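Undergrad: Could you have a look at this structure, given as structure tokens, before my questions?
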Amino acid sequence: MRCAEVEVRSQQRMTPKLSIIIPAYNEANTLGDIIAKVRAAPLSHAWELIVVDDGSTDGTRLVLDKLMAEGSHTIRVVAHAGIGGHRVP
């Protein structure tokens with residue numbers, strides 16, 4: 001039982017206490033700088049970075065893939081249908 005308890009406590013410590021959410025629509029040119037500033041911020045809590053890609057068509061997702069591969073913090077990407085969650089016909 002003690003091993004299981006230690007495992008649970010260890011997982012709880014790694015759970016982020018702060019979620020930083022960045023909405024992105026066609027931000028391929030600026031996303032690298034934005035994420036670099038977030039990563040450099042002196043945050044005292046465990047944190048996670050969530051980027052919501054709102055249907056970008058400029059290569060934003062490619063930039064995110066590159067940043068996810070090279071960063072020390074995990075970046076979670078949420079693909080969204082488009083501006084406001086829908087596309088105007």
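Undergrad: For the pair I21/I50, report the inter-label distance in nm, with labels modelled 7 Å from Cα in the Cβ direction.
TA: About 0.5 nm, to one decimal.
Undergrad: Quick one: net charge of A41's neighbours, Cβ under 15 Å, K/R +1, D/E -1?
TA: +1
Every read-out reported here was derived from the displayed coordinates using simple, explicitly stated rules and does not represent laboratory data. Since we're looking at a predicted model, the values are computed, not measured. Virtual Cβ from ideal backbone geometry, glycine too; neighbours counted across all protein chains shown.
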